[in-house]
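Every number in this text was worked out from the coordinates using simple rules, so none of it is lab data. Bear in mind that the values here come from a model prediction, so they are computed numbers and not experimental data. Quick reminder, even Gly has a Cβ in these numbers, built from the backbone with ideal geometry, and neighbours come from all protein chains shown.
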Amino acid sequence: MIIQLNKTYNFTVENVAFGDIPPQRIPEFFKDGRVASFFLEEQLTHWFPVLTRIEGNKDHDHIDESGLKYDAKNFTKHGLKFMPSNQLGEGRKFDAGVAHAKADKLCYICCDIVEFPKVRVRFVEGSDLVKDYPKCSVSFSKREALFG
């Protein structure tokens with residue numbers, strides 16, 4: 001599959017299970033970006049075979065055949081944050097210069113997991129996201145503007 005920028009792809013994740021956890025409980029866990037990210041980063045390589053996953057804590061999650069770097073970010077009930085991870089969390093500060101410089105080098109894979117097992121995926125150039133969301137954060141109220 002060829003990746004098209006600014007196109008929303010729709011998927012439904014099937015067959016999600018873990019041990020003895022009742023299947024109806026699993027979708028709630030995957031609506032949390034901390035849980036979903038590891039699995040979605042791998043799943044993206046199956047939906048988009050041109051992507052290769054970069055394992056470990058690098059500054060990006062995937063690379064394509066042309067060398068373009070991608071960073072996957074999850075849109076949850078709290079919105080989507082695409083600043084560097086060292087600027088996220090209590091006591092950490094947002095540095096626009098650093099965040100924008102990183103975004104300019106990446107294409108973001110925005111994954112909407114709010115209605116998991118339904119997943120919407122959109123590839124957006126980092127520079128375009130920064131233009132629309134200079135604080136590197138997309139509020140929940142802008143969800144449809146991003147994916148619609």
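Can you order the peptides 98-108, 73-83 by their average number of other Cβ atoms within 10 Å per residue, highest first?
73-83, 98-108
Picking from 1, 136, 23, whose Cα lies most toward the positive end of the charge dipole for the chain (charges on Cβ: Lys, Arg +1; Asp, Glu -1)?
136
When only alpha-carbon atoms are used, what values of Rg and Dmax, in angstrom, describe the stretch 1-56?
Over the stretch 1-56's Cα set, Rg and Dmax evaluate to 13.2, 39 Å.
Through the Karplus equation 6.51 cos²θ - 1.76 cosθ + 1.60, θ set to phi - 60°, convert the phi angles of the stretch 102-113 into ³J(HN,Hα) values in whole Hz; use x for Gly and Pro.
Computed from phi, the couplings for the stretch 102-113 are 5, 4, 5, 9, 10, 10, 8, 9, 8, 10, 8, 10 Hz.
Can you find, among 100, 124, 87, the residue sitting farthest towards the positive end of the charge dipole of the stretch 72-132, where Lys and Arg contribute +1 and Asp and Glu -1 at Cβ?
About the Cα centre, the residue reaching furthest to the positive side is 87.
In degrees, nearest 10, range 0 to 90: what is the angle between the Cα axis of helix 33-47 and the longest Cα principal axis of the chain?
90 degrees
Compute the relative contact order of the stretch 1-120 as a whole-number percentage, counting only Cα pairs closer than 8 Å that sit 6 or more residues apart in sequence.
Worked out over the stretch 1-120, it gives 30 percent.
To the nearest 20 debye, what charge dipole does the chain have about its Cα centre, counting +1 at the Cβ of each Lys and Arg and -1 at the Cβ of each Asp and Glu?
Once rounded to the nearest 20, the dipole reads 460 debye.
Using 0.36 nm times the number of residues separating residue 17 and residue 1, minus their current alpha carbon distance, what extension gain do you get?
3.1 nm
How large is ³J(HN,Hα) for each residue in the stretch 127-137, as worked out from phi by the Karplus curve 6.51 cos²θ - 1.76 cosθ + 1.60 (θ = phi - 60°), to whole Hz, x for Gly and Pro?
Values per residue, Gly and Pro as x: 5, 6, 4, 4, 4, 7, 9, x, 8, 6, 8 Hz.
If you take every residue apart from residue 55 with its C-beta less than 12 Å away from the C-beta of residue 55, what net charge results, scoring Lys and Arg +1 and Asp and Glu -1?
-1
How long are the semi-axes of the equivalent ellipsoid of the chain, defined as square roots of 5 times the Cα gyration tensor eigenvalues? Whole Å, largest first.
Those come to 24, 18, 15 Å.
For the chain, what does the helix formula give at 222 nm: sum of -39500 (n - 2.57) over DSSP H segments with n ≥ 4, over the residue count, nearest 500 deg cm²/dmol?
-7000 deg cm²/dmol, from helical runs alone.
Please compare each pair in 31/105; 7/73; 7/69; 58/102; 31/69; 69/142 to a cut-off of 23 Å on the Cα-Cα distance and tell me which ones are over it.
31/105; 31/69; 69/142
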